[in-house]
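Below is one structure; the comments refer to it alone.
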Amino acid sequence: MAVPSVSVACEGVTILQCVPAPRKDYHLAEMDGESLLYCHEKMTMVYLNESAAVIWRLCDGQRTVGQIVDVLKSAYPSLSHQMGAEVCDTIQQFVRYSMLDGIET
């Protein structure tokens, strides 16, 4: 099923200038090589594929989305042409599920 896109911003700037941070109620767990985010309050668990887990770890409240894109472009140069779109799409999904602070719909 296709997930509708979400337009995100933070205080009137573009998504690349936002500084996303994980909400305090979400906790990352590694189980058998899989990454899961758990929210006790909502009693929900979200599976993260490998790339989403890397992006989640980089959403530390210190880096902008643009800096996250740059880090990943440096780490994966063969994928740099698609990195901006993938990071922004993943962060939009995190926002859609209210998993981040510092960025809003």
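Read the figures in this text as sums done on the coordinates, not as results from a lab. Source: prediction; values computed, not measured. Glycine also receives a Cβ, built like all others from the backbone with ideal geometry; neighbour counts cover every protein chain displayed.
Summary table below
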quantity: Label-point gap, in nm, between Glu50 and Tyr97 - each point 7 angstrom along Cα→Cβ; calculated: 1.9 nm
quantity: Placed amide H near Thr14: partners under 5 Å, 5+ positions off or other chain; calculated: none
quantity: Cα-centre dipole for the chain with unit charges at Cβ (Lys and Arg positive, Asp and Glu negative), debye to 20; calculated: 140 debye
quantity: Cα gyration tensor shape of the chain, rounded if a/c is under 1.5, else prolate or oblate by comparing a/b with b/c; calculated: oblate
quantity: Sequence-distant residues sharing a close amide H with Asp101 (under 5 Å, placed H); calculated: Ala21, Arg23
